[in-house]
Amino acid sequence: DQQVKQNSPSLSVQEGRISILNCDYTNSMFDYFLWYKKYPAEGPTFLISISSIKDKNEDGRFTVFLNKSAKHLSLHIVPSQPGDSAVYFCAASGSEKLVFGKGTKLTVNP
Amino acid sequence: GAVVSQHPSRVICKSGTSVKIECRSLDFQATTMFWYRQFPKKSLMLMATSNEGSKATYEQGVEKDKFLINHASLTLSTLTVTSAHPEDSSFYICSANVRSAPALNEQFFGPGTRLTVL
């Protein structure tokens, strides 16, 4: 049973445009959500997070939106840059443990 | 800050041998360390949660006698893959919680270890 789902395995956008990565979860006990960026053969690096008491968190080009009623969150990257090309994992937590989605591979074309 | 290192970054071993992977928090004390495994094009799968000075808690389906975890100090956890087989070949990643961080959920990841069992 997949508690965190990233239904799009890949996404391709043009440089300068917006990238929107989506994530859905099923466990209503999750109260903290994170986005990680991962390059091949490297560990994930933390990007941005959001607590369930908020519906938006912004950090530079990255914004995470949380819709608790829909159990949905999204990561917006504006403007997208070629260096953003990587696999993005959504993760959720209701304790110390993180539950990861399968990731979405983002390709930003110059 | 919050740097996590892993050693080795890559290891190739023969079937039947044991391999030890080290995970260190370099500039902070880790309340808890986690070990993940990632298969190609798959998500990160949590294998076990490791607390300093106590036995690791393994996720369902993970053989604790095969994947030995030792959390010797607040900055070091080791994963030993015993009697490795080709199906154990994978990318192993550790992470650590910052002891003093207000959000215990924020984990900092090591760079990973690529294990290939011949």
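The values are calculated or read from the model by the stated rules, or taken from the named source; none is laboratory data. In this text the structure is predicted, and so the values were computed from the model without any measurement. Virtual Cβ from ideal backbone geometry, glycine too; neighbours counted across all protein chains shown. What goes into the accessible areas is simple: the full protein's heavy atoms, side chains included, and nothing from ligands, DNA or RNA. Shrake-Rupley method; radii C 1.70, N 1.55, O 1.52, S 1.80 Å.
The table for this structure:
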read-out	value
Filter result (β-branched (Val, Ile, Thr) and part of a strand (DSSP E or B)) within segment B:37-89	B:Thr49, B:Thr57, B:Ile69, B:Thr78, B:Thr80, B:Val81
Only listed residue being open to solvent by less than 30 Å² (accessible area, probe 1.4 Å), hydroxyl-bearing (Ser, Thr, Tyr), in contact (Cβ under 8 Å) with a residue 12 or more places away in the chain and away from chain B (no Cβ under 13 Å), chosen from A:Ser28, A:Ser12, A:Ser80, A:Ser52	A:Ser80
Some residue of segment B:4-16 being buried (at least 19 other Cβ atoms within 10 Å of the Cβ) and either more than 18 Å from B:Gln107 (Cβ to Cβ) or of a type in the set (Phe, Trp, Tyr) (or both)	no
Wholly enclosed strands (runs of 3 or more DSSP E) of segment A:1-93 bearing at least 1 residues under 27 Å from B:Cys23 (Cβ atoms) and among the polar types (S, T, N, Q)	A:45-51, A:86-93
Pairs with Cβ under 8 Å, 6+ apart, first in segment B:1-23 and β-branched (Val, Ile, Thr), second open to solvent by 60 Å² or more (accessible area, probe 1.4 Å) and part of a strand (DSSP E or B)	B:Val4/B:Arg24; B:Val11/B:Arg114; B:Ile21/B:His7
Selected residue (only one of A:Glu42, A:Glu96 is buried (at least 16 other Cβ atoms within 10 Å of the Cβ), facing chain B (nearest Cβ under 9 Å) and of a type in the set (D, E, K, R))	A:Glu42
